[in-house]
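Participant: I'd like to ask some things about the structure below.
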Amino acid sequence: MTVTETRAMLASDAGHGASGRQTPPRKRRYTADQVPLGNVLLRMFAGLVVLAVFVVPYLIMFFGSVKTKSQILSVDPTYFPTEWHWENYLDMWSTPETPLPQNMISTIVISVFATLLVLAVALPAAYYTARFKFPFRMVFLFLVIVTQMLQPAVLTSGLFRQFTALGMIDTWAAMIFINAAFNLSFAVWIMHSFFAGIPKEVDEAAQIDGAGRLTVLFKINLPLVWPGIVTAIVFTFVACWNEFAASLVILSTAGNQPMSVALTKFVGQYSTSWQYVFGVSIVAIIPVVVLFMLIEKRLVGGLTAGSVK
Amino acid sequence: MSSTTDVSPNPTGAAAGRPRPGGAKAPARRGKPGGRDLAAALPWITPALILIFGVVLFPAVVMFYNSTRDISLSGLDKGSVGFDNYVEVFQFPYFWPIFFRTIVWVVVVVAFTVVISLGLAQILNKAFPGRQLVRLVVIIPWAASVVMTTMVVYYGLEPYFGIINKFLVDIGLVDTPEGYGWTKNPATAFMWSIIVAIFVSLPFTTYTILAGLATVPGDTLEAAKMDGAGAARTYFTIVLPQLRGALSVAVLINIINVFNSLPILRVMTGSIPGYDADTIMTMIFKYIQNQHKVDVASALSVVAFIIVIVIVAVYVKVVKPTKEV
């Protein structure tokens with residue numbers, strides 16, 4: 001069992017649905033019908049506590065983002081904003097600490113291109129390793145797993161030296177390659193498991209009908225593995241969006257840095273414009289949270305399909 | 001690394017262990033794959049190989065090599081120094097405190113994460129109105145930037161104006177609005193970092209356990225109920241053993257992630273002078289960024305690298321995450 005394989009499994013539930021071989025949906029356990037009302041209320045209370053714990057930090061963030069600087073640094077703070085200063089969301093883009101619009105663009109460019117690169121590189125590899133046998137196939141898959149064991153943080157000094165030598169230090173391109181390389185293995189594994197879930201007969205039937213290999217891939221397989229591709233895209237994009245350790249060392253110019261690095265410059269300042277930090281955070285967090293919520297169904301499910309049952 | 005080889009015989013990932021219709025009755029159409037098959041495969045896998053070798057494995061080699069070199073502050077390689085960089089790493093007076101703090105960091109965060117996640121998963125697995133909403137909200141710290149989540153806690157703990165500090169004053173846990181100087185003091189800043197680390201590790205772990213709970217057979221639970229087993233007994237004798245696979249995987253991934261975690265400590269304790277709240281990972285970055293000693297940083301990175309491998313190997317050996325239940 002490996003990290004990648006498990007993460008792939010964790011997210012791959014829908015893959016088996018796509019392949020049309022899924023067992024009929026299990027009955028939901030702990031159904032509410034025979035549960036006493038008292039228990040349901042107790043569960044709702046527990047759920048409410050969980051909800052509160054997980055949402056409170058982000059509520060603090062949100063409420064902070066509409067306070068004025070004097071309110072947020074007040075020695076007698078209020079939990080809720082007394083006035084709602086929505087103009088913060090316009091003003092926050094110009095602060096002396098860091099060029100936030102450029103940081104936002106940096107985050108977007110790096111994440112989008114790294115995700116595209118992962119897709120372009122992982123999709124063919126996942127398809128081919130799932131469909132065809134060739135010498136060193138296992139060695140290749142083993143290499144893919146090894147990259148998962150290594151995170152950019154532990155390799156930063158090597159990455160720093162290498163990209164300096166290449167003259168690529170402090171460039172978006174360097175971070176696009178780094179993000180793509182370290183997210184490749186998950187994408188390969190998740191898509192590999194989806195491709196492997198499609199019966200070979202589907203391909204063979206298409207080939208008998210005269211379809212070439214590329215036609216089979218694009219016209220026959222892709223629609224079936226689409227959920228796996230979406231999952232790979234979302235995981236990769238979110239990971240790139242939030243990447244911190246490598247960006248911290250590779251990108252030294254303020255304008256090149258992504259949001260995650262830029263925002264840390266506010267820490268330890270004499271009087272931090274927290275309302276801007278939080279406004280920017282809210283703007284940066286919402287898209288990725290929505291993306292993750294869209295694949296929520298695929299987060300649950302497939303994990304133990306292979307290892308436990 | 002032994003774990004990774006376990007996977008090799010079965011590369012189908014999630015499909016492993018599932019019946020594969022057609023797989024058995026379709027014999028290999030050709031003999032052993034040969035050189036022509038490799039040539040045919042190359043166009044499909046070469047881009048991935050380039051990325052893996054160029055951006056993961058080669059930098060790792062560079063890192064090992066640099067750990068034996070003398071690299072000037074400006075980045076000039078001044079030749080080999082043997083193991084001097086390692087000597088510097090180990091002779092640094094704060095090394096062993098940092099080493100043990102790293103162990104505490106990993107063990108405490110992972111242990112609390114798993115225990116709390118077991119409870120959370122139990123709640124989220126039960127039917128109640130609004131469960132779907134709660135499940136979605138639990139995802140937020142998973143998707144949100146760890147830097148941003150940590151920063152809101154950092155702000156909340158500030159003396160006088162921090163909201164979390166105010167709350168602690170209001171409920172009587174802290175007796176002055178000046179607060180405790182949570183983030184100014186290495187010990188308390190480290191403690192709060194642990195809390196944040198647990199918080200951001202919960203979603204992944206909870207979802208992994210939820211996936212495990214879905215495999216607990218409903219009729220077994222039914223039978224246990226019929227036999228008069230209480231909820232606690234059912235949980236510990238039936239549900240928990242079923243979670244073995246999910247738990248061992250969640251623990252393994254959490255160990256790797258928590259050990260490699262930089263942003264939380266960087267935000268919470270980064271502005272505290274000295275080395276009393278550092279882990280190996282934050283120390284590596286202090287060597288690179290504050291002291292510009294890439295050579296020593298490389299040596300410490302190699303040490304970190306070996307520690308991770310050892311932890312993972314021991315864990316896999318002891319727990320055997322791949323073992324069938």
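Here, each number is a calculation from the coordinates, and none is a lab measurement. Just so we're clear, the structure is a prediction, and the values are computed from it rather than from any experiment. Positions of Cβ are generated from backbone atoms using ideal geometry, with glycine treated the same way; all protein chains shown enter the neighbour counts.
Participant: Got at least one residue in the stretch B:195-203 being more than 12 Å from chain A (Cβ to nearest Cβ) and more than 23 Å from A:F235 (Cα to Cα)?
Facilitator: Within the stretch B:195-203, none of the residues are more than 12 Å from chain A (Cβ to nearest Cβ) and more than 23 Å from A:F235 (Cα to Cα).
Participant: Among the numbered criteria (1) farther than 22 Å from A:V144 by Cβ; (2) in contact with a Gly (Cβ under 9 Å, 6 or more places away or on another chain); (3) more than 10 Å from chain B (Cβ to nearest Cβ), which single criterion is violated by A:G210?
Facilitator: (2)
Participant: Name every residue in the stretch A:98-125 that is buried (at least 16 other Cβ atoms within 10 Å of the Cβ) and not aliphatic (A, V, I, L, M), in order of residue number.
Facilitator: A:T98, A:P99, A:Q102, A:N103, A:S106, A:T107, A:S111, A:F113, A:T115, A:P124
Participant: Please determine, by comparing only the residues of the stretch B:170-182 that are under 22 Å from A:Y58 (Cα atoms) and either free of Cβ contacts under 8 Å to residues at least 12 places away in the same chain or facing chain A (nearest Cβ under 10 Å) (or both), which one is surrounded by the most Cβ atoms within 10 Å (Cβ to Cβ).
Facilitator: B:D170
Participant: Mind checking which residues of the stretch B:270-279 are surrounded by fewer than 24 Cβ atoms within 10 Å (Cβ to Cβ) and within 12 Å of chain A (Cβ to nearest Cβ)?
Facilitator: Within the stretch B:270-279, B:G270, B:S271, B:I272, B:P273 meet the criteria.
Participant: Still on this structure: Considering only the stretch B:183-191, I want to know if a residue exists there that is within 27 Å of the chain's Cα centre (by Cα), at the interface with chain A (Cβ under 7 Å from one of its Cβ atoms) and either at positive phi or in a helix (DSSP H, G or I) (or both).
Facilitator: No: zero hits.
Participant: The conditions are (1) within 8 Å of another protein chain (Cβ to nearest Cβ); (2) not in a helix (DSSP H, G or I), and A:S94 fails exactly one of them. Which is it?
Facilitator: (1)
Participant: Can I ask one more? So A:V238 fits all but one of (1) assigned to a loop (DSSP other than H, G, I, E, B); (2) at the interface with chain B (Cβ under 9 Å from one of its Cβ atoms); (3) closer than 27 Å to A:A126 by Cβ; what number is the exception?
Facilitator: Checking A:V238 against (1) assigned to a loop (DSSP other than H, G, I, E, B); (2) at the interface with chain B (Cβ under 9 Å from one of its Cβ atoms); (3) closer than 27 Å to A:A126 by Cβ, the one that fails is (1).
Participant: Any residue that is under 20 Å from A:S252 (Cβ atoms) and not in a helix (DSSP H, G or I) - is there at least one of those in the stretch A:133-148?
Facilitator: No: the stretch A:133-148 contains no residue that is under 20 Å from A:S252 (Cβ atoms) and not in a helix (DSSP H, G or I).
Participant: Among the residues of the stretch A:103-155 satisfying the criterion of being at the interface with another protein chain (Cβ under 7 Å from one of its Cβ atoms), closer than 22 Å to B:P263 by Cβ and not aliphatic (A, V, I, L, M), which is farthest from the chain's Cα centre (by Cα)?
Facilitator: Among those residues, the one meeting the criterion is A:T147.
Participant: Looking only at the stretch A:161-182, decide whether some residue is over 25 Å from B:P43 (Cα atoms), free of Cβ contacts under 8 Å to residues at least 40 places away in the same chain, facing chain B (nearest Cβ under 10 Å) and not in a helix (DSSP H, G or I).
Facilitator: Yes; the residues of the stretch A:161-182 include at least one that is over 25 Å from B:P43 (Cα atoms), free of Cβ contacts under 8 Å to residues at least 40 places away in the same chain, facing chain B (nearest Cβ under 10 Å) and not in a helix (DSSP H, G or I).
Participant: Quick one: is B:G162 more than 22 Å from B:A121 (Cα to Cα), facing another protein chain (nearest Cβ under 9 Å) and of a type outside the set (D, E, K, R)?
Facilitator: Yes: the conditions hold for B:G162.
Participant: While we're looking at this one, here's another question. If the requirement is being more than 9 Å from chain B (Cβ to nearest Cβ) and surrounded by 24 or more Cβ atoms within 10 Å (Cβ to Cβ), which of these qualifies: A:A196, A:A187?
Facilitator: None of the others qualify; the one that does is A:A187.
Participant: Here is a further query. Within the stretch B:135-169, take every residue that is touching a residue at least 40 places away in the same chain (Cβ under 8 Å) and among the β-branched types (V, I, T) and give me the one that is nearest to B:S117 (Cα to Cα).
Facilitator: Among residues in the stretch B:135-169 that are touching a residue at least 40 places away in the same chain (Cβ under 8 Å) and among the β-branched types (V, I, T), the one nearest to B:S117 (Cα to Cα) is B:V138.
Participant: Still on this structure, I have one more. Give just the number: which of (1) within 14 Å of chain A (Cβ to nearest Cβ); (2) crowded, with 20+ Cβ neighbours inside 10 Å does B:V109 not satisfy?
Facilitator: (1)
Participant: If we keep just the residues of the stretch B:69-86 that are within 13 Å of chain A (Cβ to nearest Cβ) and in contact with a helix residue (DSSP H, G or I) (Cβ under 7 Å, 6 or more places away or on another chain), which is surrounded by the fewest Cβ atoms within 10 Å (Cβ to Cβ)?
Facilitator: This residue is B:G75.
Participant: From (1) at the interface with chain B (Cβ under 7 Å from one of its Cβ atoms); (2) buried (at least 22 other Cβ atoms within 10 Å of the Cβ); (3) in contact with a Ser or Thr (Cβ under 8 Å, 6 or more places away or on another chain), pick out the condition that doesn't hold for A:V267.
Facilitator: With (1) at the interface with chain B (Cβ under 7 Å from one of its Cβ atoms); (2) buried (at least 22 other Cβ atoms within 10 Å of the Cβ); (3) in contact with a Ser or Thr (Cβ under 8 Å, 6 or more places away or on another chain) applied to A:V267, the lone miss is (2).
Participant: Which residues, taken from the stretch A:126-136, are free of Cβ contacts under 8 Å to residues at least 24 places away in the same chain and either of a type in the set (G, A, S) or surrounded by fewer than 20 Cβ atoms within 10 Å (Cβ to Cβ) (or both)?
Facilitator: A:F132, A:K133, A:P135, A:F136
Participant: Here are the criteria: (1) of a type in the set (A, V, I, L, M, F, W, C); (2) more than 28 Å from the chain's Cα centre (by Cα); (3) farther than 30 Å from A:F132 by Cα. Tell me which single one B:I45 does not satisfy.
Facilitator: Going through (1) of a type in the set (A, V, I, L, M, F, W, C); (2) more than 28 Å from the chain's Cα centre (by Cα); (3) farther than 30 Å from A:F132 by Cα one by one, B:I45 breaks only (3).
Participant: Something else about it: It is to be established whether one or more residues within the stretch B:221-238 are under 30 Å from B:I272 (Cα atoms) and surrounded by fewer than 18 Cβ atoms within 10 Å (Cβ to Cβ).
Facilitator: Checked the stretch B:221-238: no residue is under 30 Å from B:I272 (Cα atoms) and surrounded by fewer than 18 Cβ atoms within 10 Å (Cβ to Cβ).
Participant: Among the residues of the stretch B:239-269, which ones are within 30 Å of B:L221 (Cα to Cα), more than 8 Å from every other protein chain (Cβ to nearest Cβ) and either surrounded by 23 or more Cβ atoms within 10 Å (Cβ to Cβ) or not β-branched (V, I, T) (or both)?
Facilitator: B:L240, B:P241, B:L243, B:L247, B:A250, B:N254, listed by residue number.
Participant: Does the stretch B:296-308 include one or more residues that are farther than 27 Å from B:P141 by Cβ, of a type in the set (S, T, N, Q), facing chain A (nearest Cβ under 9 Å) and in contact (Cβ under 8 Å) with a residue 40 or more places away in the chain?
Facilitator: For the stretch B:296-308, residues farther than 27 Å from B:P141 by Cβ, of a type in the set (S, T, N, Q), facing chain A (nearest Cβ under 9 Å) and in contact (Cβ under 8 Å) with a residue 40 or more places away in the chain: present.
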